[in-house]
Amino acid sequence: MDSYSKRKNMILLIFIVVGIVFVIKLFTLQVISSAYKKTATKNVLREVVDYPSRGLIYDRNGQLMVYNQAAYDLMATPREISVFDTLELCRLLDVPIENFRIEIQKAQKYSRFKPSIVVKQISPERYALMQEKMYKYPGFFFQTRTLRSYTYSNAAHVLGYVGEVNQSLIDNEPYYKSGDYVGITGIEKAYESELRGVKGFRFFLVDVHNRVKGSYENGQLDTMSIKGNDLVTTLDVELQGYAELLMQNKAGSIVAIEPASGEILALVSAPGYLPDDLVGRKRIENYPKMAADSLLPLYNRALRAQYPPGSTFKMVHALIALQEGVITPYTSFTCNHGYHVGSFSQKCHHNQAFQLTGSIAQSCNAYYSYTFRRILENPALSGVRQGYERWREYVVSLGFSSQVSFDLDEELKGFIPNSDYYEEHVFRKSRWRALPLISLAIGQGEVETTPIQMANYAAILANRGWYYKPHVVKSISNGNVHPEIREIHRSKIDPVHFEEIMDGMEYVLDPNYPGTASSARIPGIVVCGKTGTAENPHGADHSTFIAFAPRENPKIAIAVYVENGRWGNLYAAPIATLIIEKYLNGEIQPSRKYVEDNMLKTNLLYPELPNYIRYSK
Amino acid sequence: MRRNNTFLNLDWIVIVLYLFMVLAGWLNIYSAVYNEEHNNIFDLSQRYGKQLMWIGFALMLALFVIVVDSKFYVTFSYLFYALFILLLIIVLFFGKEVNGSKSWFVIGNFAFQPAEFAKYGTALAISKLLSTYNFSLKIRQNQLIAALIILLPVALIILQNDTGSALVYLIFIIPLFREGMSGLILFFGVYFTILFIGSLVMSPVAFIVVLLLLSLLVAFYFLKRWLPIGKVVLLLLAISMPFAIYQILAGDGSFDLYFVLIRSSFLTALLLLFRTIVKRIQHMPLITAVFLVSIVFSVSVDFAFNRFLEPHQQDRINHLLGIESDPLGAGYNVNQSKIAIGSGGFLGKGFLKGTQTKYDFVPEQSTDFIFCTVGEEWGFVGSLLVVAAFVWLLIRLVQLAERQRSKYSRVFGYSVAAILFFHFAINIGMTIGVAPVIGIPLPFFSYGGSSLWFFTILLFTFLRLDASRLEQLH
Ligand SMILES: [Zn+2]
């Protein structure tokens, strides 16, 4: 035996200690900690999203309006990229080289192993061209997505557009993941949950290069994508196109409704844009320009422009006065170039007495000043405040002061002040009097309404007192129809009071009477209408017109606003009757072709053009 | 009879362990590169097919090594050594560069790494040297010769730019220690290596606490009384008070424990050193001095690391030490390896069912990181079995070495155990994140003919020597 033999124990101890350390470490790694198991699953599991195709959109006659077209995202997996000719690739893709470099850097930052989108929405043509060159660019591949495509260049505002989800939506709704598309405005937004369909997921085992190695759990967890539901809108795309044509070179809006159903036949906000302008990569370029345009092409005037309604509001007072019994159809008021009380004057241009029908046909301000005063000073009530509150109840029942449409989310409510508003701003604790409110009689002052509310009001007149909420989607391919669009809303006015109103509105277009819009008469069709002028503190007043036709069994109710068009009979009335004629007859009769020509030629946007009519006060 | 039959005298425990490891290694290589399209185990285009061929060849080598007379190894020890040194020099000029190190001979389909076999030559030479009549490691000249025998191949391998393989030679400290080398060299060698790694890997506070506890335990080992230890702890607390109060008053609400600990323990140790020297208390000055040096060493390592090294150099050292950072950055490999092993759970995912290793998340899954496949597919039970087999083999080799009559055989036995131990400790240690990432194979498991043959020859040479332990060898 040698003197150092005890050292064997020291050496054995080292071996055994290392063995024990390994066993302890292995035990914590494999048995105690669960983190590694989770990471391992995350490592190998790749979720492949099967994007459903978005629902198609049709017009009321089955014309396809919106469909999907393939687009391709260029994806890059940084780890697999080898040296390549960046300049050539950018030329093929038609993207600036600086942007491309930034995207590649972002992709590298995100993950070296997982693919990221570097160029979005490449057109099918460019994609076809690039396919054969892709072998030069390892690490790059295409992912198929769909983009909206449009059969007609109309109804951009109603249809709305689709864009990428933003962070707040991703945070709030777990369905959406970064890079998903979502409806941002219009029908695309309101019916997002119907249109989007259901994403499918397939789970694959992948290796470190993200290459698929097989399905996970034999595909038991995989789901198929479900195509989005198709929508049939209430729009008549031909009528919509015609209405847009008439509004060319003008600012304003048109809303046409089928009174019997509340279905919106056409909804125009002018100036507008082409639906294609906000698709995919074009949106990035166009959107800022449109947003900066002083003519506000992105602004949906039909839903959001809140104007004082002007004379088109007069029938509201007539109906309320009849309902309250403060006038009869035969009550007569004298217009002495207006309505004069002490130092107060509400000007007009007649020198005669009017009964109800005449007051509508000739739009007498004095008549309505008397009538409105009677409503406010109703002897059956305790005073002006209560008279106003009663009046407001009727007005609200006619669809004003709240969102009247069912599915046009962007709509603003308009404004019918409540009594507290006047208490605070006008009377300030003094006694309520009728005179300070009298401008409401001719639809001016504090009240504000939107074009769609005015069209709905025309539909109520056509229906003799009731309406369905105006809506733009008629049916959904899965059969779902929201019960709310089948719900009748009745105004507080009895149907019997509408006959005399209709008489007056019919005379508006009667040259023999003469009505205020007699030049817009359509031979062969009984149109009930009313002209108006919406006050504009910023410039020339707006030309407005509401109408429905035919008088019996009405098929269309309409409101037309032409900004800076001054008087209703100048633009709004001819445009409204052209649309009515087109809708009811399918064409414009030869005797009215000149009206159509005039309207088409009229340019109210660019004064330097010859057809611009200059007005001076 | 028994004296003359080599096969009856072979240690069959070692042979069974060897066969178990080689077979288990092959199964794991098969699983790591398994591919449904090529599942013929003899498919020579696949790694498992080749490995099968190499195992067969290794068994033939083993037989050959056993058939040769044991005196042959003793006689030609230095010649073997010289031959491998020559090969190491030649490979510097004619070798093929693989992964940045010029350490391979490639002749046709056959690749061979002389650094692997030079360990064999070195083990033979060291055994021969130490078994020389009247040789003592107490003599300075002998120490130098031993160091030279070990450091010559180390220098040549470092020149090949293969630091990992060169590090293996440090393990010759073990047979030298067994033969009477000063224990302090082993102790301080190991101690400062651990200190260096510890000060980079551990958090500073944890490091000081561990150091403190360790010093107190060692002090107790020598004193055998708790009372003075308690006094030292009280002194430390008293000295730390002013620093703690300063921290609370002057600080911005945060409490820097490291600031308090490092200052108070340093001051306490200084006081203690002074007092124990004056009072001439045994062992205590040395313990406190080692404690002080350790703190200074660790602080300067930290300082040098953060102050003088560029971030990418820091990364490389972190990488070498296997410190986890960004999962895709320096520590990526170790992290993926831990994920693979950790995901195995208690019983493992089953043969061929591993996903992490099979889908290439783990790098080098059939060579350096083969243990990941064991961990993932066979779980804790399988890993435990492999670790136990290695520890058993090492213990058995020490027992065999100790029963040798000839000093030559004993030194060689310890060399074999030490080399296997180093590979086992570093390789499995790196896959589970307790050792730096050094690319050396796991004996008998890792794919590759060169390393399998080397370990086979090494092991069976010792078995051959052991079989003739009753003969006089010189
Ligand atoms: Zn009048």
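Miscellaneous remarks
- For the stretch A:519-536, the Karplus equation 6.51 cos²θ - 1.76 cosθ + 1.60, evaluated at θ = phi - 60°, returns couplings of 5, 8, 4, 9, x, x, 10, 7, 9, 9, x, 7, 7, x, 10, 8, 4, 10 Hz by residue, with Gly and Pro reported as x.
- For the stretch A:237-601, size of Cβ-based charge dipole, Lys and Arg +1, Asp and Glu -1, in debye: 580 debye
- Per-residue surface analysis assigns A:Asp494 an accessible area of about 70 Å², computed on protein heavy atoms at 1.4 Å probe radius.
- Per residue solvent-accessible surface (Å²) - the stretch B:389-431, probe of 1.4 Å: 20 Å²
- Helix-only arithmetic for chain A: the sum of -39500 (n - 2.57) across DSSP H runs with n ≥ 4, divided by the residue total, places the mean residue ellipticity at 222 nm at -9500 deg cm²/dmol.
- Each label point was placed 7 Å from the Cα along the Cα-to-Cβ direction; for B:Trp12 and A:Glu98 their separation is 8.1 nm.
- Solvent-accessible ranking of A:Ile24, B:Ile432, B:Ile13, largest area first, probe 1.4 Å: A:Ile24, B:Ile13, B:Ile432
- The stretch A:237-601 pair-distance distribution - Cα-Cα, 10 Å bins, rounded %: 5, 25, 34, 24, 9, 2, 0
- Between 0 and 90 degrees, the angle of helix A:498-508 with respect to the longest Cα principal axis of chain A falls at about 80 degrees.
- Whole-Hz ³J(HN,Hα) from phi, Karplus 6.51 cos²θ - 1.76 cosθ + 1.60, for the stretch B:222-238, glycine and proline x: 7, 7, 6, 9, 8, 3, x, 4, x, 4, 4, 4, 4, 4, 4, 4, 4
- Taking the charge dipole of the stretch A:237-601 about its Cα centre, with +1 at Lys and Arg Cβ atoms and -1 at Asp and Glu Cβ atoms, the residue from A:Asn536, A:His497, A:Ile525 reaching farthest to the positive side is A:Asn536.
- Distance between the modelled labels on A:Asn9 and A:Asn61, one decimal in nanometres: 10.6 nm (7 Å Cα→Cβ projection).
- With θ taken as phi - 60° and the Karplus curve 6.51 cos²θ - 1.76 cosθ + 1.60 applied, the whole-hertz 3J(HN,Hα) list for the stretch B:116-133 is 4, 6, 4, 4, 4, x, 5, 4, 4, 5, 5, 4, 4, 4, 5, 8, 4, 4 Hz, x standing for glycine and proline.
- The overall shape of the stretch B:188-317, judged from the alpha-carbon gyration tensor, is oblate: a/c is not under 1.5, and a/b is no greater than b/c.
- Under-5 Å amide H pairs with A:Val526, H placed in peptide plane, nonlocal only: A:Arg551
- The stretch A:220-315 shape via C-alpha gyration tensor axes, a/c threshold 1.5: oblate
- Spin-label model, B:Leu148/B:Leu86: points 7 Å from Cα along the beta carbon direction are separated by 2.0 nm.
- Note on the stretch A:56-200: with charges restricted to the Cβ of Lys and Arg (+1) and Asp and Glu (-1), its dipole about the Cα centre is near 340 debye.
- In this structure the amide hydrogen of A:Asp50, modeled in the peptide plane, comes within under 5 Å of the amide hydrogens of A:Gly200, A:Phe201, A:Arg202, none closer than 5 places in sequence on its chain.
- When the charge dipole of the protein assembly as shown is built from unit charges on Cβ atoms (+1 for Lys and Arg, -1 for Asp and Glu) and taken about the Cα centre, the candidate among A:Val481, B:Ala111, A:Pro309 whose Cα reaches farthest toward its positive end is B:Ala111.
- On full extension, the segment bounded by A:Lys109 and A:Asp420 gains 106.1 nm, given 0.36 nm per residue less the C-alpha separation.
- Rounded tilt (10° steps) of B:183-201 against the dominant C-alpha axis of chain B: 70 degrees
- Alpha-carbon radius of gyration plus Dmax, which is the widest Cα pair, for the stretch A:253-300 in Å: 13.9, 42
- Reachable aspartates and glutamates from A:Lys8, criterion Cα separation under 15 angstrom, eight or more residues apart if same chain: B:Glu179, B:Glu402
- Stokes-Einstein diffusion for the protein assembly as shown at 25 °C, viscosity 0.890 mPa s, with a Kirkwood radius from C-alpha pairs, works out to 65 µm²/s.
- Per-residue surface analysis assigns A:Arg551 an accessible area of about 30 Å², computed on protein heavy atoms at 1.4 Å probe radius.
- Between the Cα long axis of helix A:572-585 and the first principal axis of chain A there is an angle of about 80°, rounded to the nearest 10.
- Positive-end residue of B:Ser215, B:Leu130, B:Phe196, charge dipole of the protein assembly as shown with Cβ unit charges: B:Leu130
- Protein-only accessible surface order, largest first, of B:Glu402, A:Glu587 at 1.4 Å: A:Glu587, B:Glu402
- Basic side chains Lys and Arg get +1 at the Cβ, acidic Asp and Glu get -1 at the Cβ, and with that the dipole of the protein assembly as shown about its Cα centre reaches some 5220 debye.
- Under 5 Å, built H, 5+ apart or other chain: amide partners of B:Trp104: B:Lys96, B:Val98
- Sorting B:Leu19, B:Leu236, A:Leu159 by accessible area puts them as B:Leu19, B:Leu236, A:Leu159; the probe is 1.4 Å, largest comes first, and only protein heavy atoms count.
- Cα gyration tensor category, rounded, prolate or oblate, for chain A with a/c compared to 1.5: prolate
- A:His497 accessible area, 1.4 Å probe, all protein chains in place, Å² to nearest 10: 40 Å²
- Semi-axis lengths, Å, chain B, gyration tensor of Cα atoms, sqrt of 5 times eigenvalues: 43, 31, 21
- Reach of A:Lys38 by Cα under 25 Å, taken over lysines that are not fewer than 8 positions away in the same chain: A:Lys25, A:Lys109, A:Lys114, A:Lys177, A:Lys199, A:Lys213, B:Lys338, B:Lys349, B:Lys353, B:Lys358
- Solvent-accessible area buried by pairing A with B, both sides, nearest 100 square angstrom, 1.4 angstrom probe: 3700 Å²
The values are calculated or read from the model by the stated rules, or taken from the named source; none is laboratory data. Source: prediction; values computed, not measured. Cβ sites come from the backbone with ideal geometry, for glycine too, and all protein chains shown count toward neighbours. The protein model used for the area step is the full one, side chains on, heavy atoms only, and it has no ligands, DNA or RNA in it. Shrake-Rupley method; radii C 1.70, N 1.55, O 1.52, S 1.80 Å.
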